[in-house]
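Single-structure report; data block below.
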Amino acid sequence: MPPEKLIPLLVFPAVLALVLLRNRRRRPLKLNSMWVTPAVVLPLIALGLWGTAQAPGAVHAPFGPASWAILIVGGLLGGLAGWYRGKTVVIEKEPDGSLMAQASPLGLILLIALFAGRTALRDLIESHAAQWHLNAMAVTDAFLVFAMGLIVMQRVEIYIRAKRILAGGTDAHVEVAAPPAA
């Protein structure tokens, strides 16, 4: 097995264990800093998309309508997955009015399934792209656009729910923490 395929197989379980441990505890939900992750990740992904076209020897044919459609579908599916993952986050309103969030195990299962599917699908599409008349570069770029959609929509969904909860509204995934016993 080539190293470029073996390294992710070794790194992924370690990262997964760290994410599982991190998601077990509740964390303060700071609405004023929810924009930071998308603001850092979006330019990095855009740089990655641009960089693949600039790599020496890269064959990056101009995208046609079908290739743009692939990118749009990747973004929409990523947005849908991010929205669903954001819905699975449990938000608790503390007696002092602050919010605490805890990621659901279901959201992590969704991510594991998405990454496993991405790995399997990437190899399949790259080996059959010419037969299926697909632009392999557009398909691999669509995975990056998928990640952008997932990150942005997850944050948007959590932000909308948290603002509703702070305003006194209800939410299907909110729990009001009981005041401490005196």
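The values are calculated or read from the model by the stated rules, or taken from the named source; none is laboratory data. Since the structure is predicted, the reported quantities are computational estimates derived from the model, not experimental observations. Using ideal geometry, Cβ is built from the backbone for each residue, glycine included, and neighbour counts are taken over all protein chains shown. Side chains included, ligands, DNA and RNA excluded: accessible areas come from the protein's heavy atoms. Shrake-Rupley method; radii C 1.70, N 1.55, O 1.52, S 1.80 Å.
For region 70-143, the solvent-accessible area works out to 51 Å² per residue, with a probe of 1.4 Å and every protein chain left in place.
Tally Lys and Arg at +1 and Asp and Glu at -1 over the other residues with C-beta under 12 Å from the C-beta of V139: what net charge comes out?
Numbers: positive: R118, R122; negative: D123, E126, D141.
Residues close to V139 contribute a combined charge of -1.
Sorted into 10 angstrom bins from 0, the C-alpha pair distances of region 121-160 split as 28, 35, 22, 13, 2 percent. Computed from the C-beta positions of A46 and L21, the FRET efficiency with R₀ = 30 Å rounds to 0.45. Restriction of the chymotrypsin sites (Phe, Trp or Tyr not before Pro) in region 80-165 to DSSP coil positions whose beta-carbon has at most 16 other beta-carbons within 10 angstrom yields W132. So if R0 is 30 Å, what FRET efficiency would A14 and D96 give, r being the distance between their Cβ atoms, rounded to the nearest 0.05? Rounded to the nearest 0.05, the efficiency is 0.25. A cut-off under 13 angstrom between Cβ atoms defines the neighbours of A167, and their net charge, with Lys, Arg +1 and Asp, Glu -1, is +3.
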